[in-house]
Structures are given as structure tokens and as C-alpha cells.
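What follows is a short report on a single structure.
The values are calculated or read from the model by the stated rules, or taken from the named source; none is laboratory data. Nothing here was measured: the structure is a model prediction, and the numbers come from that model. Virtual Cβ from ideal backbone geometry, glycine too; neighbours counted across all protein chains shown. Quick note on the areas: whole protein, heavy atoms, side chains included, nothing else; ligands and nucleic acids left out. Shrake-Rupley method; radii C 1.70, N 1.55, O 1.52, S 1.80 Å.
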Amino acid sequence: PGDASVQILRPMSVRPSDVAVGLMSSGEKAEPVKAAPTSKAVGPPEGVGPSVIYKLYRGAIGEVDAKPCRIWAEFPSLELCWTPYDCPAREADRVSLLEISCCTCDVAPDCADGQASSKRDTNVQLLVFAPHAALGREQRQETAGSPGISGGKPSAEVEAIRIIGPHPALQEFGCALQQLVDCRETEGPSGIEFIQKRLFQYLWKHQGESKTELALYEAQAVLAFNLDPKAGIAYVRSRLGKDTDDALGEWLAQMSTQNGGLDPTMLGNYFSRRDTMEIFKVFVRRLDFTGTDIVAAMRLLFDTFKPGGEGQVISRILELFAEAYFLQWTVWKEKQEGAKANYKDSDSVMTLAVSLIMLNTGMHVASKKLNKKAAAMADMTLEAYIKMARSTVDEEQVPEESLTTWYEAIKESEISMQPLPRNAFSKLPVQPDIEGWLILVVSPTVQKRYWAVCALQRMYLFSDNSDVEPWDAIDLKDKRVQAVWSDATSRASYMADLQGKGCMASCLPTNQAARRSRTCLTAEDTMERAFEVMVGASNTTPMLSRLSKPRKRLALVAESPDLMDRWVTLITSGPY
């Protein structure tokens, strides 16, 4: 802590919710202020605001011992945690928020030569210090020769964790953590305990404060549209002033491509109506197909909505798509890359698009619905596809080489009509019903930690690998959700989930005393924090297709009984 090459993260002249973002000068030094705590607070702490709490709870990514890790503040247990991607934190990967003495941040050793192109490209090194006695047994053994230890006897403070990660995210996290420590030192530990009991309110307030009035109106419009497109459009007309087909089509395109959030199924059902044809024409012309071949353009189209209705609806959608794509193609056709084409008119684009949809259906959709023999017959060969395409488009417009390229592209990757949002949830115009860390119980030996966001009647599970692309999503429509402890069948199923030789000490932690008093935890330790999501009796579609065996029942564990109740209540009550 006394090394002059590091900077004590001491926010200066900031409001409670501010977080410093600039890199510290390696030549500066500031000693931690050990001010005497004031009398116990009876209300929220003044030193930190909702944005700081959210930043600490969401955490940041980096590397510990050259392994990708996430570090975050687990407020329900009042601990700072760090762990490999998507893994629950072990006892050795924790230190009490009430015991942290200070943290330091400086340019990482590999960036110290100043060759990084910008501050944003620079890695920073975050060190967190705590009293030696505050560390777990494994940590105390590991720090036996680390800085802060002399003569084999523990000094007052030792390094609890060293993590290297990208600026500015890790720098901001470090500043927020030091701000929390300063608040604890000046206001007493009751402020952090206040946050512990009201974490949900802090997260909710942060989301509300991060949206402008227009964004909140748009959020309500999105939610209204996802429940009833007709009501949603009426809201957009009255509150957002989008009262023409052009304005509505442009808004829908912006929400589904740039902002995200519109339910793809509801949007597809809306466009399946004949009275929305003019709005869809504007919508599809707002999509940017610049430089894309027809397969990539169709992927972009069906990445925004799930087409509904019969074959006539698909034909009408493809017809308007062909017109929009042909208009854009005529502008940049001389600069096209990849598979070449020389379309005469939009009709050529239309017939080719139909042939590609038929190819996609035979290769991917039919194989899921038919038996193996029937699916094999539906699976079209390259020769058969070229013959079919040649009946409508001649070689002067589309060379055989291009047809082969598109055939192979679809064979390798389906043109999916089950789209998911493509924007980080922090950028969506929607305030989540609830968000936070959940542990997915896969088996007695496999439990995964995900950042879960419940919004738009879906639960999106985000891996530590990406804040933009969900690892998977659960459609919550027609799902049953209940606390595990409240139902005998659920309790038995949950106990069965956790039977086996796996040790539960590294997953599903409860409080410090329980973890340190024995080596393994049982299902009873976590049952009061667990809830189930189950498909309805009439629903045969399993959940989480990314699992090796998709489930019709999922067990999820929240960080506290209170948060579990919140998840169950808000999922059950729906978006309103």
C-alpha cells in the first residue's frame, strides 16, 4: 500500500454518485484517510449513490493470474467476490466489504512503457488490501509470502486480490469500491448494511435515473407494443407524436435494429396484417443493406422480427423486401463484394429470395419437424438448388458461383427466424423488471452464474463473455414460477438436482459463518433462495437450447430470500 508507484483511489470533490474515470498518474500518491466513523446512520449512506452501487454489483472483468475473471460486490453477503467466468465464487475468492482497507489502481505493468494507443486501450491493475485476519484460510496461506508480510508474521494489511483489466471499466470499478470504503469509514458500517437490505431499490432507482423522459416514454411504448401492438401503436401516436405511416415505420425500425427491445413475435404478427403494409414498406426501407449480398440481407431482415401468418404473408414480406433491397443495391452495385449479382429488377430479387427460403426450410426447419427419412428427402442438394434457381433467374443475373456460395452459407448457418436483441441492455429503451446475479443449477457438479435481466416477458441470461449477446433467453409467457420451498414437489426436485458426489462449497454460498463452519453446503442451505421456472402443461418446448439437454424445468438461486421473492413476484405479475 505504501508503494509510490501506485495511486490510492480516493475520489476528490465528487458528488456521492460520481465515479472518476481518468487514469491516475503513477507519480501521485494519496494515503487512505482513516477518519473516525460518525454515529450510526439511520437512513441511506450519503457517500454513495445508486449508480455507484449498480457499478459495484454488476462488476468488471479482468484477469487474475492470467485467467479471465469477473470481480463484483455481492451486497447480500457483504463481500467482494472474484471468480473465473460464469462460476460462483468460492470462499477463497471473497473478502468482506466491512474489512477492505483500501484499493489502488495504476497502469498495468505490460502497459507501463506507454505504447498503448490511447487511455481506452490501456490495461490497469487493481489491487485490493485487507487485514490478514479478514482473509479466508486458503487466502492466508497464499499470502504467506506476498507484499505486506514480513518475518512470517502477518502485517496489518495484505493484498487480497490483484486483477488486471481494461480501462476505463476496471478503473471506474476501483474508484467506486474506494468510494464505498470511504463511506464506510466516515459514516460507519450501517450504511453498507442499509444497502444490503435495500439492494433491489438501489438497482431500480439507478435504472430510473439513467433514463430521460423521452426514453421512459419509449420504454412504455415498447412494453405496450409487446403486450398488444394495436395499443402500443396508439401510445406511440399520442405520446411520441409518430402519427404518420412514415414516422411509425421509422420508429419501429429504430427500436428493433438500433435500440432493440421490441418483441420479434409481436412485431411479426403486426406486420402480418394487411393494414400495416405501408408501415412495413417504410420499415424495411430503413434497414441498411449496404454492401450485403442477398443472404446477408435476409439475415438482417429476419433478425428484427419473426414472420407470422401463412405463406401469403411471407410472400408479401419478401416482395416488399425485394423492392427495398433492389433500390439500395442499384446505388452500390458497382462496389459489391463477395457473391456477385446483376439483378434486372426487384422481381429477380423476389424469386431468388423465395428459392433461398425454400432451401433454408429444407435444410434446417424440416429436419426439426420431420423424421430422419422425410428430412433427408427435404434436404436439397446443390445441383437440385441450382436447377430450381435457374427456372426463375438466368446466369446473366446470378452466376453459378454465387448460387454455390449462398447454398454453402445457408448450409453452414440457418437463416434464423427466432431473433434476439443485439444491443446491450444498458442501451435498450426498457427498464428491466428486475436484474441481478442468479446461479443456474445444471447438475450436482455444474452450477453457472449469470447476470439475469427480466424484461419484455423474457429472462435474458448474460455470460461474463458478453454484455451484448445473451448466452440464452427464457420466454416467460405461459411459464409457471414458484419458490422451491413453497411446494413439496419442487423441494424434492431441487434435492434431486443437488444429489451426487459434488461438493457444494464452491457454489451456492450462504453466509460467511455457514461457509466457514463446514466444508460443504447442502440443498437446505440454499432452498430458501431458490425458485423454479417450468413450462406449462400444454407447452412442449424445452428451455435453454444452449444446454446439452434443454430443460422443461429450471432451478435458479438468488443471492438472498428477499431477492428470490422479488424474482418470483415480478415474473409472475408480468411487465406491469
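Within the stretch 285-303, the residues that satisfy the criterion of being within 27 Å of the chain's Cα centre (by Cα) and open to solvent by less than 10 Å² (accessible area, probe 1.4 Å) are Leu287, Phe289, Ala297, Met298, Leu301, Phe302. In the stretch 440-463, what count of residues is obtained for those that are open to solvent by 10 Å² or more (accessible area, probe 1.4 Å), over 20 Å from Ala60 (Cβ atoms) and out of contact with any helix residue (DSSP H, G or I) (no Cβ under 8 Å at 6 or more places or on another chain)? Residues in the stretch 440-463 being open to solvent by 10 Å² or more (accessible area, probe 1.4 Å), over 20 Å from Ala60 (Cβ atoms) and out of contact with any helix residue (DSSP H, G or I) (no Cβ under 8 Å at 6 or more places or on another chain): 5 in total. Please tell me if Thr265 is at negative phi, open to solvent by less than 50 Å² (accessible area, probe 1.4 Å), of a type in the set (S, T, N, Q) and modelled with pLDDT of 90 or more. Taking the combined requirement at face value, the residue does not satisfy it. For the stretch 317-324, state whether one or more residues are open to solvent by less than 30 Å² (accessible area, probe 1.4 Å), at pLDDT 90 or above and either at positive phi or hydroxyl-bearing (Ser, Thr, Tyr) (or both). No, every residue in the stretch 317-324 fails to be open to solvent by less than 30 Å² (accessible area, probe 1.4 Å), at pLDDT 90 or above and either at positive phi or hydroxyl-bearing (Ser, Thr, Tyr) (or both). Is it the case that the stretch 180-187 has a residue that's over 20 Å from the mean Cα position of the chain (by Cα) and either of a type in the set (Val, Ile, Thr) or modelled with pLDDT under 90 (or both)? Yes, because at least one residue in the stretch 180-187 is over 20 Å from the mean Cα position of the chain (by Cα) and either of a type in the set (Val, Ile, Thr) or modelled with pLDDT under 90 (or both).
Does Lys242 satisfy the criteria of being closer than 30 Å to Leu262 by Cα, open to solvent by 30 Å² or more (accessible area, probe 1.4 Å) and free of Cβ contacts under 8 Å to residues at least 12 places away in the same chain? Answer is yes for this residue. For the stretch 268-279, filtering for residues that are aliphatic (A, V, I, L, M) and open to solvent by 10 Å² or more (accessible area, probe 1.4 Å) leaves 1.
If you go through the stretch 198-255 and keep only what is among the acidic types (Asp, Glu) and more than 18 Å from Glu278 (Cβ to Cβ), you end up with Glu209, Glu213, Glu218, Asp228. Candidates in the stretch 45-65 are the residues that are open to solvent by 10 Å² or more (accessible area, probe 1.4 Å) and assigned to a helix (DSSP H, G or I); of these, the one that is farthest from Cys183 (Cα to Cα) is Arg58. Output yes when any residue across the stretch 66-74 is modelled with pLDDT of 95 or more, acidic (Asp, Glu), open to solvent by 10 Å² or more (accessible area, probe 1.4 Å) and touching a Cys at 6+ places or on another chain (Cβ under 9 Å), and no when none is. There is at least one residue in the stretch 66-74 that is modelled with pLDDT of 95 or more, acidic (Asp, Glu), open to solvent by 10 Å² or more (accessible area, probe 1.4 Å) and touching a Cys at 6+ places or on another chain (Cβ under 9 Å). Selection within the stretch 531-576: residues that are out of contact with any strand residue (DSSP E or B) (no Cβ under 9 Å at 6 or more places or on another chain) and open to solvent by less than 60 Å² (accessible area, probe 1.4 Å). The member of this set that is farthest from Asp433 (Cα to Cα) is Ser560. Residues in the stretch 339-364 that are among the small types (Gly, Ala, Ser) and more than 13 Å from Ala297 (Cα to Cα): Ala341, Ser346, Ser348, Ser355, Gly362. Exactly one residue among Gly249, Gly232 is crowded, with 20+ Cβ neighbours inside 10 Å, more than 17 Å from Ser346 (Cα to Cα) and under 27 Å from the mean Cα position of the chain (by Cα), and that residue is Gly232.
Contact map, the stretch 199-228: residues that are open to solvent by 70 Å² or more (accessible area, probe 1.4 Å) paired with residues that are in a helix (DSSP H, G or I) and at pLDDT 85 or above, Cβ distance under 6 Å, separation 6+ or inter-chain. Pairs shown: Lys205/Pro50; Tyr217/Arg239. Here Ala366 fulfils each of the conditions (1) touching a Leu at 6+ places or on another chain (Cβ under 8 Å); (2) open to solvent by less than 20 Å² (accessible area, probe 1.4 Å); (3) at pLDDT below 90 apart from (1).
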